[in-house]
Amino acid sequence: HHPAGRRSAAAPGFLDRLPQPDHATLFPMNILIVDDEALARSRLRTLLADCHNTVRSTVTEASNAGEALALLSATGGRTIDLVLLDIHMPGQDGLSLAHALHALPQPPAIVFVTAHADHAVSAFELDAVDYLTKPVRRERLQQALTKVQRNGRQPAGPAAPAAADSESLVIQDRGRTERLPLAEVLYFKAELKYVTVRTATRSYVMDGALSDLEARYTPRFLRIHRNALVARRAVRALEKHYDPEEGEGWAVRLQGLAELLMVSRRQVGAVREELAG
């Protein structure tokens, strides 16, 4: 038996027995740290600088989900390889932000960094590459970086066109013409004389009829109400909801949005089928 507080060199801890990563195979990455605490961001920066083969990596910071989405959405996520993401933040939390990141054309890898280990199951359901608990140790961060690269995320660069997501909408917005990839659209909602087009980060307005959009994009979008179509891939939950205009009823929750959308009684069955797969 060894004296208390000491550990024999012949009896390493569990983490010490893990296979050591092949540092020579790591490539530099563009890394985004998202945490509302400046000290936590600073500590991660320091740890990253101490990790192997991160000398040529770039590190960007965001203090909340809004800042992170603004950085990523402009290029569909192509400029960031990895997001080190806190879960508990004011406003939109890390789990919600992770949903929004997955909707990007080229979503970055996600490693959650949090003091709350009870969220681990939710994190891995969101396809997180790893889950680090605070205070983070350099060895665990290094393992997470290695795991990200072994999972096949290539360094940021020009995106290859994806045939399945190549469809776009042409939006006339405040005097300028903009091409919006259909894969970014979460819902279409008919207003008085126009249609609102909603993505994870902003809203657009376009002319046209909801029925025309439904006929054209049925494989991608589901009618939930006389005034709304939602992206099938974004449907996450069906919830009881009270609406001031329509009273007690049902609403759908979409990936990456806090807003709930009312579901008409006749469409509740269709939404349940969608959720059931």
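The values are calculated or read from the model by the stated rules, or taken from the named source; none is laboratory data. Predicted, not measured: the structure shown is a model, and the values here were computed from it. Methodologically, a virtual Cβ is constructed for each residue, glycine included, from the backbone with ideal geometry; neighbour enumeration extends over all protein chains shown. To get the accessible areas, we keep the full protein, side chains included, count just its heavy atoms, and leave off ligands, DNA and RNA. Shrake-Rupley method; radii C 1.70, N 1.55, O 1.52, S 1.80 Å.
For region 169-276, what is one quarter of the convex hull surface built on the Cα atoms, given in nm²? Mind showing how you got there, number by number?
Working: hull surface 27.7 nm².
So the mean shadow area of the Cα hull is 6.9 nm².
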**Reachable aspartates and glutamates, given that their alpha-carbon falls under 12 Å from the alpha-carbon of K189 and they are not under 8 places away in the same chain** = D207, E214
**Request:** Using a Förster distance of 22 angstrom, determine the FRET efficiency expected from the C-beta separation of R232 and M206, and round it to 0.05.
**Result:** 0.60
**Request:** For K147, list the lysines whose Cα falls under 24 Å from its own Cα; do not include residues on the same chain fewer than 8 positions away.
**Result:** K134
**Item:** For D50, solvent-accessible area (1.4 Å; no DNA, RNA or ligand), Å²
**Value:** 90 Å²
**Message:** Can you give the Rg/Rh ratio of region 28-151, where Rg is from the C-alpha atoms and Rh is the Kirkwood radius?
**Reply:** 0.91
